[in-house]
1. Could you please find all residues in region 1-27 being of a type in the set (Phe, Trp, Tyr) and more than 15 Å from the chain's Cα centre (by Cα)?
2. Pick from 70, 77, 59: which is more than 17 Å from residue 8 (Cβ to Cβ) and surrounded by 14 or more Cβ atoms within 10 Å (Cβ to Cβ)?
3. Condition first: under 14 Å from residue 135 (Cα atoms), touching a residue at least 24 places away in the same chain (Cβ under 8 Å) and either buried (at least 17 other Cβ atoms within 10 Å of the Cβ) or within 16 Å of the chain's Cα centre (by Cα) (or both). Can you find one or more residues in region 83-98 that meet it?
4. Are there any pairs with C-beta distances below 9 angstrom linking a residue in region 6-26 that is under 21 Å from residue 144 (Cα atoms) and without any contact (Cβ under 8 Å) to a residue 40 or more places away in the chain to a residue that is of a type outside the set (A, V, I, L, M) and in a helix (DSSP H, G or I), with the two at least 6 apart or on different chains, and if so which?
5. Does residue 104 meet the test of being hydrophobic (A, V, I, L, M, F, W, C), surrounded by 19 or more Cβ atoms within 10 Å (Cβ to Cβ) and out of contact with any strand residue (DSSP E or B) (no Cβ under 9 Å at 6 or more places or on another chain)?
6. I'm trying to understand the selection: among the residues of region 1-59, which are under 22 Å from residue 74 (Cβ atoms) and of a type in the set (D, E, K, R)?
7. Does region 45-53 include one or more residues that are among the hydroxyl-bearing types (Ser, Thr, Tyr), out of contact with any Pro (no Cβ under 6 Å at 6 or more places or on another chain), surrounded by fewer than 15 Cβ atoms within 10 Å (Cβ to Cβ) and outside any strand (DSSP E or B)?
8. With region 176-219 as the region, which helices (runs of 4 or more DSSP H) entirely inside it contain at least 2 residues that are aromatic (Phe, Trp, Tyr)?
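The values are calculated or read from the model by the stated rules, or taken from the named source; none is laboratory data. Everything numeric in this text was worked out from a predicted model, so none of it was measured. Positions of Cβ are backbone-derived with ideal geometry, glycine not excepted, and every protein chain shown enters the neighbour counts.
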Amino acid sequence: MKNDNIIRFYILANKLKNIIRRGWIEIGIDKERLESDAEHIYGTLMLAIAINSEYKLNLDMYKVLKMLTLHETEEILMTDYTVRDTITRDEKLKQGKICVKKVVSGLAEEKEIRDLLYEFSTRSTPEAVFAHLVDKIECDFQAKLYDLEGVMDYNRAREDLVYYGDRAEEIDSKSHTASDFWIEYDRPKYDNDDIFKTLIEDIKNIDVKEYKEIMNTSM
């Protein structure tokens, strides 16, 4: 029975390798291979490790990394909602709980996993708040990387302004490249955290020369 539970969970979790991030599809990233949910998870883990390395956070990092490893579990069965969807936060949370319950059903740690992901979704602890910010900034960072690769279209990104409500004009005035629209939309999420507030600004300011120098790092 234990092995049956492992096999069932992994087969379901393995779907994340083939679920392409919906935001990149909607915005028309011009690249043959786009980021999957599993690759997004990898990105959040790498960022969390790097941030903790530099800032020596007073957090339970095992808990943070477990949250980030499992935080897309709901999307195994539920769509990857974007700014273009009208779903409320409460409805998304409700759907997510149902999907997580189905995916982790039977595991000995089912309740612990469900509680952990509910903690992440409600941002009810310092670890959950940090993990949530890492999750958000990884998306913005990936948008910046696509932008630097020249595969993110400015006009397509600007089309999302209609979904930005009363902040649309402000975001438009501060966006000079395609990824700026994503970064400026998310910027208020980082304003109450000095680490993320400075990090998102430095990410926005990466130029092509710096990007190429880093990418060309060799032995």
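1. Within region 1-27, the subset of a type in the set (Phe, Trp, Tyr) is 9-10, 24.
Those that are of a type in the set (Phe, Trp, Tyr) and more than 15 Å from the chain's Cα centre (by Cα): 9, 10.
2. Details: 70 fails: more than 17 Å from residue 8 (Cβ to Cβ); 77 fails: more than 17 Å from residue 8 (Cβ to Cβ).
When all the criteria are applied, what remains is 59.
3. The answer is no, given that none of the residues of region 83-98 is under 14 Å from residue 135 (Cα atoms), touching a residue at least 24 places away in the same chain (Cβ under 8 Å) and either buried (at least 17 other Cβ atoms within 10 Å of the Cβ) or within 16 Å of the chain's Cα centre (by Cα) (or both).
4. Listed by first residue and then by second, the contacts come to 20/37.
5. Numbers: hydrophobic (A, V, I, L, M, F, W, C): yes; surrounded by 19 or more Cβ atoms within 10 Å (Cβ to Cβ): yes; out of contact with any strand residue (DSSP E or B) (no Cβ under 9 Å at 6 or more places or on another chain): yes.
Yes.
6. 8, 15, 17, 21, 22, 26, 35, 37, 39
7. Kept after step one, since they are among the hydroxyl-bearing types (Ser, Thr, Tyr), are these residues of region 45-53: 53.
From the residues that got through so far, the ones that are out of contact with any Pro (no Cβ under 6 Å at 6 or more places or on another chain) too are 53.
Keeping just the survivors that are surrounded by fewer than 15 Cβ atoms within 10 Å (Cβ to Cβ) gives 53.
Filter once more, keeping what is outside any strand (DSSP E or B): 53.
Taking every residue of region 45-53 in turn, at least one turns out to be among the hydroxyl-bearing types (Ser, Thr, Tyr), out of contact with any Pro (no Cβ under 6 Å at 6 or more places or on another chain), surrounded by fewer than 15 Cβ atoms within 10 Å (Cβ to Cβ) and outside any strand (DSSP E or B).
8. By residue number, 178-190.
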